[in-house]
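Chemist: Dropping the structure in here first, questions after.
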Amino acid sequence: MKAWRFSTEACPPGERREAWREAMVRLRLPVEAAAEDDGASASVTCLVSPMGMEFSLVSAGAQEISGRNPDQPAAIWLAVLLEGQAVLDDGRREVAVAPGDIVFGPTGMAAALRLHTRFRLLLITAPRVALDHRLVAPRSLRIGHLPAAAGMNHVFSGLLRAVADTLENLTGDQLRPVELAVTEFLVAGLAAEVAQPNGAAAIRDAHLHRVRQAIESLLAEPDLRLGQVAEAAGVSPRYLQKLFAAAGEKFTRYVRQRRLERCRLDMLSPRYAEASISSIAFRWGFNGSAHFSRAFREQYGVSPREYRRAGG
């Protein structure tokens with residue numbers, strides 16, 4: 001797990017503004033305007049998980065984070081406002097953001113988060129490669145807002161606030177289940193927010209999303225069958241095949257890719273540092289080490305042993 005921390009209190013008052021801008025550059029956040037008070041303290045605690053998710057706890061004075069950063073890798077970002085008052089501007093409308101609310105969007109898309117008071121913010125960026133296959137319509141993702149008043153948003157907000165409260169003390173081993181939980185909540189939250197086409201295409205995308213969710217819950221079963229997934233998702237086997245065909249995919253190949261990705265992440269996780277490659281492969285439904293090794297090399301270009309030795 002990679003980690004870094006920064007505080008302007010380590011800098012002379014006259015140099016804090018520039019030091020803070022440099023910290024925001026390191027987070028790849030475009031700061032359009034900052035508070036005039038050079039003496040105000042500001043801090044960042046940043047952890048990068050084994051899966052490549054970046055968790056950053058930011059505490060600072062009033063400022064505006066806006067524009068787009070062309071150097072941002074393809075990712076989905078989300079932020080939960082822990083303290084303060086803010087407004088989200090996506091270019092079409094302005095939305096007041098209350099403490100506990102979650103805002104999100106794809107990197108590379110211009111937006112503005114105007115933080116009108118001193119604030120605390122938990123910012124998370126997740127690689128798109130880890131999420132796009134789970135979203136109903138990933139290309140339609142836009143800047144959005146999840147109010148924390150009730151329902152799943154309230155539960156998700158509570159999880160993120162708990163992560164913020166403990167972030168400075170989390171180890172890589174402890175962060176692994178956190179990133180999995182955040183991913184599941186994020187996928188569920190975005191499912192209702194992503195713009196979808198109308199009519200039959202929208203229904204088909206929603207059904208495929210439900211099928212993929214069922215697959216995630218059944219990946220560890222070595223004899224996973226198409227009919228078993230169809231039953232879990234509430235569709236017929238024939239319709240399930242048509243869903244994958246319409247998406248340009250095949251059921252068996254998709255299952256194998258998801259198993260390989262789970263194995264790849266576990267091989268990098270400190271939690272499974274003592275586990276053998278074979279035990280990880282069996283854990284995610286592979287029946288033999290030789291078959292797993294061939295499939296892994298085909299997918300990632302190196303053997304599992306070489307990948308693990310290089311640390312990804």
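Chemist: Cα extents of region 204-312 along the three principal axes, largest first, in whole Å?
Modeler: 42, 22, 22
Chemist: Could you order peptides 21-27, 211-217 by the average number of other Cβ atoms within 10 Å of their residues, highest first? If you can, show how the numbers build up before the last one.
Modeler: On the way: 21-27: 16.0, 211-217: 17.7.
Answer by packing, highest mean first, reads 211-217, 21-27.
Chemist: What's the magnitude of the charge dipole for the chain around its Cα centre, counting Lys and Arg as +1 and Asp and Glu as -1 at the beta-carbon? Answer in Debye, nearest 20. Please report the intermediate quantities before stating the final value.
Modeler: Working: 39 positive and 34 negative charges, 314 e Å.
For the chain, the charge dipole is close to 1520 debye.
Chemist: Based on a Kirkwood Rh over C-alpha pairs, give the Stokes-Einstein translational diffusion coefficient of the chain at 4 °C and viscosity 1.567 mPa s in µm²/s. Before the final figure, lay out each step's value.
Modeler: Values: Rh = 21.2 Å.
So the translational diffusion coefficient is about 61 µm²/s.
Chemist: Put a dot 7 Å past each Cα toward the Cβ at residue 273 and residue 10; how far apart are the dots in nm?
Modeler: 2.4
Chemist: Along the charge dipole of the chain, which of 175, 111, 160 sits closest to the positive end, that is, farthest toward it, with unit charges on the beta carbon of Lys, Arg, Asp and Glu (+1, +1, -1, -1)?
Modeler: The listed residue farthest towards the positive side: 175.
Chemist: At R0 = 51 Å, how high is the FRET efficiency between residue 294 and residue 117 if r is their beta carbon distance? Nearest 0.05 is fine.
Modeler: Working: r = 57 Å, r/R0 = 1.11.
Efficiency at R0 = 51 Å is approximately 0.35.
Chemist: For the peptides 237-243, 179-185, what is the packing order when you average, over each peptide's residues, the other Cβ atoms within 10 Å and list the highest mean first?
Modeler: Numbers: 237-243: 15.9, 179-185: 18.0.
In decreasing order of mean packing, 237-243, 179-185 become 179-185, 237-243.
Chemist: Can you compute the equivalent ellipsoid semi-axes for region 142-253, i.e. the square root of 5 times each eigenvalue of the Cα gyration tensor, sorted largest first and rounded to whole Å? Intermediate values should be presented prior to the final figure.
Modeler: Numbers: eigenvalues 188, 80, 23 Å².
So the equivalent ellipsoid measures 31, 20, 11 Å along its semi-axes.
Chemist: Follow-up question, since we're still on this one. For the chain, what relative contact order do you get, as a whole percent, if you take Cα pairs closer than 8 Å and at least 6 residues apart?
Modeler: On the way: 509 pairs, mean separation 41.1, N = 312.
Computed over the chain, the figure is 13 percent.
Chemist: Pairs of Cα atoms under 8 Å, at least six residues apart: use those to get the relative contact order of region 195-312, whole percent. List each step's numbers first, then the result.
Modeler: Working: 87 pairs, mean separation 26.0, N = 118.
Result for region 195-312 is 22 percent.
Chemist: Of 229, 65, 43, which is farthest along the charge dipole of the chain in the positive direction, counting Lys and Arg as +1 and Asp and Glu as -1 at C-beta?
Modeler: 229
Chemist: Taking only DSSP H segments of four or more residues, each worth -39500 (n - 2.57), what value at 222 nm results for the chain once the sum is divided by all its residues, to the nearest 500 deg cm²/dmol?
Modeler: Numbers: 10 runs with 128 residues, N = 312.
Counting only the DSSP helices, I get -13000 deg cm²/dmol.
Read the figures in this text as sums done on the coordinates, not as results from a lab. What you are looking at is a predicted structure, and each value in this text was computed from that prediction instead of being measured. Please note: Cβ atoms are built from the backbone with ideal geometry, for glycine as well, and neighbour counts cover all protein chains shown.
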